[in-house]
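The values are calculated or read from the model by the stated rules, or taken from the named source; none is laboratory data. Model, not experiment: these values are computed from the prediction. Here the Cβ is made from the backbone with ideal geometry for all residues, glycine too, and neighbour counts use every protein chain on show. Surface areas here come from the heavy atoms of the whole protein model, side chains and all, with no ligands, DNA or RNA. Shrake-Rupley method; radii C 1.70, N 1.55, O 1.52, S 1.80 Å.
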Amino acid sequence: MFTQFYNSPDQLAAINRVVQFTMVVLGISTAALGAASFVLTQRKASLDDRNRHEAEARMKEVESRAAEIKPLLHRKLSDEQIAMIRDGLAGTAGTTAMIVRNNSAESQTFSQELERALSQAGWKLQHFLPGNLRKPSPFSVARNEKVKESRAYDAFVHALRVTGLSFDETEFRGNFDEELLIDVGVLEATPYQAALDKVQ
């Protein structure tokens, strides 16, 4: 009876249809599962990227805020550097120089250290106050254009180079009679740093 059942053409055809239908359903289900898995994988990757970008953005914001309140880095001359500048100015005693006193605590402190070397070398110093603004500017050494040659200027520039300081060289014109104009400049600063650095 069992053999006869499977030998029946109608029954075999019915079984074949069921098997084919099942395979189709399984195929569709597998494809659907694959598509769903792909979509979920892509969604997870997208979320991971977004989370990473958000984390990076938050980190940059934290770093930016930290930089805003980070203390301004102060320039300093060591005792050895002061001695090197002083010794490099041997034979130039009596030189007159105008020192720019900017509205910056850092600038004034650094200038005072430099002035120690100049005073020890016998230079005569005057101070010029440019105003209440704190305007970033480079360290510069200028020779009075009225003075065509200046041994003191050459010696000072050489001494600064020996100590490893970076500065600009130029000339100045004006009502000053001093041989040199020295401006240690003002450092770039964030608004928070600048507010704390202002003297007035």
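Within 9 Å, Cβ to Cβ, of Ser111, how many net charges do the neighbouring residues add up to if Lys/Arg are +1 and Asp/Glu are -1? Please list the in-between numbers first.
On the way: positive: Arg101; negative: Glu113, Glu115, Asp183.
Overall, the nearby charge balance is -2.
Whenever you get a sec, compute what percent of the accessible area on the range 90-200 sits on carbon and sulfur atoms (1.4 Å probe).
With neighbouring chains kept in place, the figure for the range 90-200 is 50 percent.
Find, among the trypsin sites (Lys or Arg not before Pro) in the range 127-160, those assigned to loop by DSSP (not H, G, I, E, B) with at most 16 other beta-carbon atoms within 10 angstrom. Provide the component values of the computation, followed by the final result.
Numbers: sites: Arg134, Arg143, Lys146, Lys148, Arg151; in loops: Arg134, Lys146, Lys148.
Listed in order of number, the matching sites are Lys146, Lys148.
In whole percent, what relative contact order does the range 85-188 give with Cα contacts below 8 Å and a gap of six or more residues? Let's see the in-between values first.
On the way: 182 pairs, mean separation 43.8, N = 104.
Reported relative contact order: 42 percent.
Hey, what's the range 109-200 come to in accessible area per residue, 1.4 Å probe, Å²? Don't skip to the answer; put the middle values down first.
Details: 5390 Å² over 92 residues.
Value for the range 109-200: 59 Å² per residue.
Treating each Cα of the range 156-200 as an identical point scatterer and ignoring solvent, apply the Debye formula and state log10 I(q)/I(0) at q = 0.18 Å⁻¹.
For the requested q values the scattering log ratios are -0.80.
Quick check: net charge around Thr96, other residues with Cβ under 11 Å of its Cβ, Lys/Arg +1 and Asp/Glu -1?
Details: positive: Lys124; negative: Asp177, Glu178, Glu179.
Cβ neighbours under 11 Å give a net charge of -2.
Using just the Cα positions, wrap the range 51-200 in a convex hull and report its mean projected area in square nanometres, one decimal place. The partial results should precede the final answer.
On the way: hull surface 42.7 nm².
In nm², the orientation-averaged hull projection of the range 51-200 is 10.7.
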